[in-house]
1. Which one is farthest from ligand 1 (Cβ to nearest atom) among residues in region 206-249 that are among the acidic types (Asp, Glu), under 25 Å from Arg365 (Cα atoms) and touching a helix residue (DSSP H, G or I) at 6+ places or on another chain (Cβ under 9 Å)?
2. Working carefully through the options Ala94, Ala84, Ala117, find the one that is of a type outside the set (Lys, Arg) and within 16 Å of ligand 2 (Cβ to nearest atom).
3. Just name the residue that is farthest from ligand 2 (Cβ to nearest atom) out of those in region 142-191 that are without any contact (Cβ under 8 Å) to a residue 60 or more places away in the chain and hydrophobic (A, V, I, L, M, F, W, C).
4. Hand me the list of strands (runs of 3 or more DSSP E) wholly inside region 95-172 holding 1 or more residues that are touching a Gly at 6+ places or on another chain (Cβ under 9 Å) and either more than 17 Å from Pro39 (Cβ to Cβ) or among the small types (Gly, Ala, Ser) (or both).
5. Kindly indicate which of Thr139, Thr200 is within 16 Å of ligand 2 (Cβ to nearest atom), more than 27 Å from Ala233 (Cα to Cα) and either in contact with a Ser or Thr (Cβ under 8 Å, 6 or more places away or on another chain) or not basic (Lys, Arg) (or both).
6. Is it the case that region 160-173 has a residue that's within 10 Å of ligand 1 (Cβ to nearest atom) and at pLDDT 95 or above?
7. Is there any pair with a first residue in region 65-84 that is over 21 Å from Phe165 (Cβ atoms) and a second that is among the hydroxyl-bearing types (Ser, Thr, Tyr) whose Cβ atoms are under 9 Å apart and which are 6 or more apart or on different chains, and what are they?
8. In the list Ala485, Ala578, which residue meets the criterion of being in a helix (DSSP H, G or I), at pLDDT 90 or above, within 27 Å of Ser188 (Cβ to Cβ) and of a type in the set (A, V, I, L, M, F, W, C)?
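The values are calculated or read from the model by the stated rules, or taken from the named source; none is laboratory data. It should be emphasised that the depicted structure is a prediction, and the values quoted were computed from it without experimental measurement. Using ideal geometry, Cβ is built from the backbone for each residue, glycine included, and neighbour counts are taken over all protein chains shown.
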Amino acid sequence: MITRLSRLFLRTLRDDPADAEVPSHKLLVRAGYVRRIAPGVYSWLPLGLRTLRRIEDVVRQEMDAIGAQEISLPALLPREPYEATNRWTEYGDALFRLQDRKGGDYLLGPTHEELFALTVKGEYNSYKDLPVTLYQVQTKYRDEERPRAGILRGREFVMKDSYSFDLDDDGLRASYAAHRGAYQKIFSRLGVEYVIVAATSGAMGGSASEEFLATSPVGEDTYVTCLESGYAANVEAVVTPAAAPIPIEGQPAAVEYDTPDTPTIATLVDWANAENVLGRTATAADTLKNVMVKLRHPDGKTEILGIGVPGDREVDDKRLEASLEPAEVELLTEADFAANPFLVKGYIGPKALQANGVRYLVDPRVGEGSAWITGADSPGRHVVGLVVGRDFTPDGTIEAAEVRDGDPSPDGAGPLVAARGIEIGHIFQLGRKYTDAFDVDVLGENGKPVRLTMGSYGVGVSRLMAVVAEQQHDEKGLRWPAEIAPYDIHVVIANKDGAARDGAEAVVADLDAAGLEVLFDDRTASPGVKFKDAELLGMPWILVIGRGWAEGTVELRNRFTGEAEEIPAVGAAAAVLARLRG
Ligand code: ATP
Ligand code: MG
């Protein structure tokens, strides 16, 4: 097919959109692929839609190849199934809820576990029907707190979601492995650089789970790897090795001190060293920092929670949130402090929390027998030598402290290295959470009912377009891998001469006849403008019919390598085809 730029519904922009920070967002808007309608809500213009469709095709081919079957469920869903699994409330503010004219509650589907479980229940009733994997490529809705970077994090976005149904755990493991393999094929066909990391299962519930993260400095996920063992995990999923217990007997008694003007860890450490309270150099790691948060539970109840972490570490909000899900984490307000006068800002200690019934969770490094410098619950006072298991007993541990470059790997094999990534896929072994909620049983071989076990698997289809743009662009514009480029080749006439124009028409017709999708810049604009646009739009090959025409040559440029090659004008189409297919 030939698409003429003179007719294409496209206006490229010279300037970056004001709201864009990351390169993929700037370029996809400037190149006229997408247009913003509202925060996290975008329209697809012709080039964007073609690219999206091609990504969808790759995803469909690989899903079909593992025997998954495509169906399509509505995005507009009734409340009841999500009520049955409690997700109507647990999903929190990210769920778009709406009412119909009769006052019935509906939602816009953020993910479809409930509906797929019900769909299988509705059709199947015998073990002979299993296993089955169903998928859809569908628009999802999530009222993201921070929609970001254009289509990278939208509130309306396209996801491939699939769901496997098996009779037993072995079957589930096989379905999971098949998806893992399919995802590896999808992402390598798209030319994405990625890692597979251990993940937490989040709002889905369930057990084994891995994420596919595209490596990118603009990624919102941080993951760690251990080069020695190959261990790789999202920081949210990193489990801190528990500290070995230390004998309590013989440790000096805790002593309270006046420590005026020491509301921060730095000032406290300075004080401890000035007074030499430990008999050695004190560091931030000797202090116990107590961070207060307010939890909003799915039932609407709130709870104040204390979290104790070694003072040399910050609390990582994402790890904290992942650990406390489905409760939502909020900061305490001044009113909360006023209502709880035992919370002395800058001097909060474990004792007052526990004396006042506040749940207190600590970092796993705060182990049995460890001694700490921490708040003594009155202004300008701290306690030294407060021992876990003797002077206070936490209500449990929590993975909330930041994971740092160089921390020991949980498998003990060596240090962790941190990097950033963008989540492009997620695979879960859900187990029976959803089949239990809806009694999804089939008649087993022995005549008894068998409860099915389920997996759920997502690919961010629209996000992938931004990810490829992010990983592949250069300073001139987009660069699409041949597999998903909106057109195979971009032909530019850069010669006003009538014979050159006719020649270009002939070459383009030949390329079309050979089955290529051709974008043909037949406009009267200047060569400079046309070259700039060709680089911005990002087709993998650019064929220039320019000054060389009179001498019988055309120029083939590779958008990825930047290499240009003069080829004879006679038989140009055949030569181009050979290069493209080579
Ligand atoms: P994230 O941590 O980025 O919010 P998630 O854990 O919420 O992702 P899943 O619920 O597992 O994501 O959804 C499956 C896939 O859908 C993700 O791996 C991601 O590629 C994509 N995705 C999720 N949220 C968005 C969004 N707001 N915009 C675009 N793609 C998204
Ligand atoms: Mg999310």
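1. Result: Glu236.
2. Criteria check complete, one pass: Ala94.
3. Top of the filtered list is Ala174.
4. 132-141, 156-166
5. The match here is Thr139.
6. yes
7. Ala75/Thr139; Ala75/Tyr141; Leu76/Tyr106; Pro78/Tyr106; Arg79/Tyr106; Glu83/Thr89
8. Going through Ala485, Ala578 in turn, just one is in a helix (DSSP H, G or I), at pLDDT 90 or above, within 27 Å of Ser188 (Cβ to Cβ) and of a type in the set (A, V, I, L, M, F, W, C): Ala578.
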